[in-house]
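What follows draws every value from the coordinates through simple rules; no lab data is involved. As the structure is a computational prediction, the values presented were derived from the model and not from experiment. Cβ sites come from the backbone with ideal geometry, for glycine too, and all protein chains shown count toward neighbours.
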Amino acid sequence: MGGWVDLDKEIIMKKLLFVFGLLIFMGCEDDKAAAEDVNPLVGVWEATELKLIHGDGAQETYQYGEDTDMGTVTYIFGADGTYTHTSVSSDGTITSSGTWSSNDGKLTIVDGDKTDIADFTLSDNTFTLTVEVGEDDMPMTMVVTFIRQ
């Protein structure tokens, strides 16, 4: 009778290992699905370049950084749909916060009663915002490039 008991234990252990293996695998798949559900813009982004494209095609390019006239610009996009923005330059520090969302290449930022919508692209760790600024008689496109920190 000892042989059957040992065989039953072996079968039970194999079944338990199989079930645990399935649970672990399914748990990992759930983690992957949850990670895929996180908006890829979530994180810390630091501006590196500002390009102004005038209506006549002329362009101006400025670099961001601690040792530049432009200073630094940082956005932190939270998974909860909130953001903080900090700009630091020789003129001082400016901060803002509010909510954000993105859909189909459009970033919407809401700060109090002000809503801004910009086109964006995301490639690896580079995030680029494109905003039409200026007046009808002086159109201009502003392109800001950010790097994930």
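Multiplying the sequence separation of M140 and I117 by 0.36 nm and subtracting their Cα-Cα distance, what value in nm do you get?
Values: separation 23, 0.36 × 23 = 8.28 nm, distance 1.57 nm.
Length difference between fully extended and current span is 6.7 nm.
So, R0 is 22 Å and r is the distance between the beta-carbons of T93 and I147; what FRET efficiency does that work out to, to 0.05? Display every interim value, and only then the final one.
Numbers: r = 21 Å, r/R0 = 0.93.
The value I calculate is 0.60.
Gap in Å between the Cα centre of region 70-149 and the Cα centre of region 45-69?
Distance between centres, Cα-based: 14 Å.
Report relative contact order for region 43-148 in percent, whole number only (criteria: Cα-Cα under 8 Å, sequence separation at least 6).
Numbers: 233 pairs, mean separation 28.3, N = 106.
Computed value for region 43-148: 27 percent relative contact order.
Can you give the Rg to Rh ratio for region 43-148, taking only C-alpha atoms and Rh from Kirkwood? Could you put the intermediate results ahead of the total?
Details: Rg = 14.0 Å, Rh = 14.6 Å.
Reported Rg/Rh, Kirkwood definition of Rh: 0.96.
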